[in-house]
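The values are calculated or read from the model by the stated rules, or taken from the named source; none is laboratory data. Remember, it's a predicted structure, so these values are computed and weren't measured experimentally. We place every Cβ from the backbone using ideal geometry, glycine too, and count neighbours over all the protein chains shown. Heavy atoms of the whole protein, side chains included, go into the accessibility calculation; ligands, DNA and RNA do not. Shrake-Rupley method; radii C 1.70, N 1.55, O 1.52, S 1.80 Å.
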Amino acid sequence: MSTIIQTIVLLDNCILDQPTTPAGRQWKTALSYLASCEGWFSLFWGRHLEAQEKVTLVIDWKTDSTAQKFLATQHASFALLFSPLIAQPLPNPSIADLYSLAIEPAALPRGGLTTIRKLTYNSLSDYERFYLLSKTVNEYFQSLGMAARAGDANAAGWKGGSTAWALDEATGSKTTTLWIFVSWESEEAEQRCEKYLQAENGENIKEVDLDPALEKADPGGELYHVAWDMLTENLMERWKESDNTRWPYNPFTNGLT
């Protein structure tokens, strides 16, 4: 399965959440087109908490080949449908083998969010690439999981995480851009964990496990927070018939909240 990560910048005062507005109708048209593309599996999206005019879409595909086909033959039409809503042309999307279900978009409570980091490195050897992913970021996730399972209150708000290298669209090879997604039950939970969570030897877990990857990255990386809405293949037809342009997904009712 491949994941496409797309960020858009909306026009000022663009209201997507009211289906009777022109913007709401156009938003629904664009997402309905996306869901009609061969191999589409699921979509979750959300505004950046730091800049409400920015929206990140995370689009999952059933196979790598259908994701590549979408980028090659259908992305231009998809982008055109957004033209009445956006302040600038859609940037090129990023494709990655991201295990997006680990981000828990459907299970985050109200007020929950995902921290997204996009890091770029000037050059990397195979060993450096392995070290950055396996010996820093993934160990950070493992440390968070162990602390949460052990009942450490400072890790209680961690919900999940995933990381992956962006792939070259033409060759499918790994680039030097790294995506890191970490989900929390609240902003306060993230702040508490990063400030106070310690390993058994007393070292701060973020400083030991994650910061080396952050410090090695080139300047100008991206960091933002998103609260998700979600659509899946099974829910798409119900969403098309609803009066909502947002879909506040509730896993316990399998539909609208």
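The figures follow:
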quantity: Cα-based shape type of the range 12-111, given that a ≥ b ≥ c are square roots of the gyration tensor eigenvalues and the cut on a/c is 1.5; calculated: oblate
quantity: Cα→Cβ-extended label distance, 7 Å offset, between R149 and S65, nm; calculated: 3.8 nm
quantity: Added length on full extension, which subtracts the Cα-Cα distance from 0.36 nm per residue, L223 to E207; calculated: 4.1 nm
quantity: C193 accessible area, 1.4 Å probe, all protein chains in place, Å² to nearest 10; calculated: 10 Å²
quantity: Cα-centred dipole magnitude for the chain, charges only on beta-carbon of K, R (+1) and D, E (-1), debye, nearest 20; calculated: 600 debye
quantity: Accessible surface of the range 1-137 [probe 1.4 Å, protein heavy atoms]: carbon and sulfur percent; calculated: 53 percent
quantity: Per-residue [θ]222 nm for the chain (sum of -39500 (n - 2.57) over DSSP H runs n ≥ 4, rounded to 500); calculated: -7500 deg cm²/dmol
quantity: The chain, Cα convex hull volume normalised per residue, Å³; calculated: 130 Å³
quantity: Between 0 and 90°, nearest 10: helix 187-196 axis offset from the chain longest Cα axis; calculated: 20 degrees
quantity: Folded to 0 to 90 degrees: helix 22-36 orientation relative to the chain principal axis, Cα; calculated: 80 degrees
quantity: Which of D60, D17 is most accessible, then next, and so on - probe 1.4 Å; calculated: D17, D60
quantity: Under 19 Å from the E200 label point (7 Å along Cα→beta-carbon), backbone N, the range 136-160; calculated: 139-155
quantity: Extended-chain gain in nm, criterion 0.36 nm per residue less alpha-carbon gap, Q52 and S123; calculated: 22.3 nm
quantity: Prolate/oblate/rounded label for the range 95-203 (Cα gyration tensor, a/c 1.5); calculated: oblate
quantity: Surface accessible to a 1.4 Å probe, K174 within the full protein complex, Å²; calculated: 120 Å²
quantity: The range 56-126 shape via C-alpha gyration tensor axes, a/c threshold 1.5; calculated: rounded
